[in-house]
1. Is it the case, given these coordinates, that Thr73 is touching a residue at least 12 places away in the same chain (Cβ under 8 Å), touching a strand residue (DSSP E or B) at 6+ places or on another chain (Cβ under 6 Å) and either assigned to a strand (DSSP E or B) or surrounded by fewer than 16 Cβ atoms within 10 Å (Cβ to Cβ) (or both)?
2. Look through the range 53-83, keep the residues that are aromatic (Phe, Trp, Tyr) and within 26 Å of Asp21 (Cβ to Cβ), and return whichever of them is modelled with the lowest pLDDT.
3. Determine whether Thr61 is out of contact with any Cys (no Cβ under 6 Å at 6 or more places or on another chain), among the hydroxyl-bearing types (Ser, Thr, Tyr), surrounded by 10 or more Cβ atoms within 10 Å (Cβ to Cβ) and assigned to a loop (DSSP other than H, G, I, E, B).
4. Residues of the range 8-41 being over 14 Å from Tyr71 (Cβ atoms), touching a residue at least 24 places away in the same chain (Cβ under 8 Å) and surrounded by fewer than 11 Cβ atoms within 10 Å (Cβ to Cβ), which ones?
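The values are calculated or read from the model by the stated rules, or taken from the named source; none is laboratory data. All values derive from a computational prediction rather than experimental measurement. All Cβ positions, glycine included, derive from the backbone under ideal geometry; neighbour counts span all protein chains shown.
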Amino acid sequence: MYVESKKDRVTVVFSTVFKDDDDVVIGKVFMQEFKEGRRASHTAPQVLFSHREPPLELKDTDAAVGDNIGYITFVRIWEILWHLFSGKVYSISAPRT
């Protein structure tokens with residue numbers, strides 16, 4: 001797992017190893033569904049999928065390369081995270097005794 005925090009966003013990259021060609025196809029379809037979800041919701045994180053080659057964030061590292069390797073990248077804007085979590089944090093109250 002790779003995590004990069006910048007002033008305006010956080011990027012997380014997960015690697016996965018596919019068992020066989022069928023898993024590669026299922027993984028690609030699954031990631032396409034994530035992309036469709038982003039189109040439907042402006043608060044959904046950006047999701048990228050790369051097969052065989054690592055994403056640019058992992059350039060010049062020893063990241064694995066191969067037909068059964070995939071990388072899933074989530075990019076989240078801090079402002080959206082703040083709005084999502086700040087409301088939830090402040091709505092929690094201690095139980096009264």
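1. When the stated conditions are applied, Thr73 passes them.
2. Going through the range 53-83, the residues aromatic (Phe, Trp, Tyr) turn out to be 71, 74, 78, 82.
Now restrict to residues that are within 26 Å of Asp21 (Cβ to Cβ): 71, 74.
On the way: Tyr71: 92, Phe74: 86.
The selected residue is Phe74.
3. no
4. Asp8, Lys19, Asp20 - these are the residues of the range 8-41 that are over 14 Å from Tyr71 (Cβ atoms), touching a residue at least 24 places away in the same chain (Cβ under 8 Å) and surrounded by fewer than 11 Cβ atoms within 10 Å (Cβ to Cβ).
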